[in-house]
């Protein structure tokens with residue numbers, strides 16, 4: 001299989017490249033014989049006939065239920081180069097970019113719900129429960145995803161991805177709907193966008209995340225909830 005040329009790289013034991021960055025990203029992975037990659041259900045776009053694809057319930061029943069609560073699918077799909085090397089193309093359901101993250105085994109990453117696309121077989125994807133206040137007020141539910149291990153992680157976004165570098169001792173405030181991923185060890189807290197509750201919600205922001213450096217927070221340039229609200233105003237009501 002061939003695809004439009006872009007930078008091909010090998011990181012964490014996986015050879016890949018990302019096409020059409022920014023709006024309609026497409027992930028191309030080159031699998032060696034018997035190498036496996038796992039992905040979100042229905043992520044496969046095309047693959048060589050040397051590759052087998054099947055559903056897998058990683059983490060057992062509780063792991064599948066946890067992923068459902070965090071907005072992901074109950075099953076992963078696994079792609080294995082069962083009959084020699086091969087190339088597979090993967091894509092997210094929403095328009096946006098992809099964030100490749102090399103996990104070295106020392107620093108897990110937290111991913112927003114609906115943010116996981118694919119990962120190396122050696123990377124464990126689990127569900128992490130937020131505390132009660134975070135779950136109620138963040139608008140993102142009680143669960144997020146946690147990626148740990150050694151290998152490549154690919155997070156998806158809605159819109160382009162921007163890296164916010166937060167120096168040590170400094171802070172950055174981020175709207176919850178624009179978060180993509182951040183290192184687990186980075187301190188953050190949820191708080192009102194304004195000094196008062198009424199002002200916070202009438203401003204359209206509600207609660208925000210305050211991150212303290214050092215670390216890098218990856219954000220998306222568009223908010224899917226804001227887009228959904230905008231789109232709903234254009235659709236005819238059922239009574240019409």
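Here, each number is a calculation from the coordinates, and none is a lab measurement. Quantities reported herein were computed from a predicted structural model and do not represent experimental measurements. No Cβ is skipped: glycine too gets one built from the backbone with ideal geometry, and neighbour counts run over all protein chains shown.
Summary table below
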| read-out | value |
| --- | --- |
| Sorted by Cβ density within 10 Å, fewest first, the residues 56, 192 | 56, 192 |
| Separation of the residue 41 and residue 221 label points, Cα + 7 Å toward Cβ, nm | 3.2 |
| FRET efficiency estimate (nearest 0.05) - Cβ-Cβ, residue 53 to residue 94, R0 22 angstrom | 0.55 |
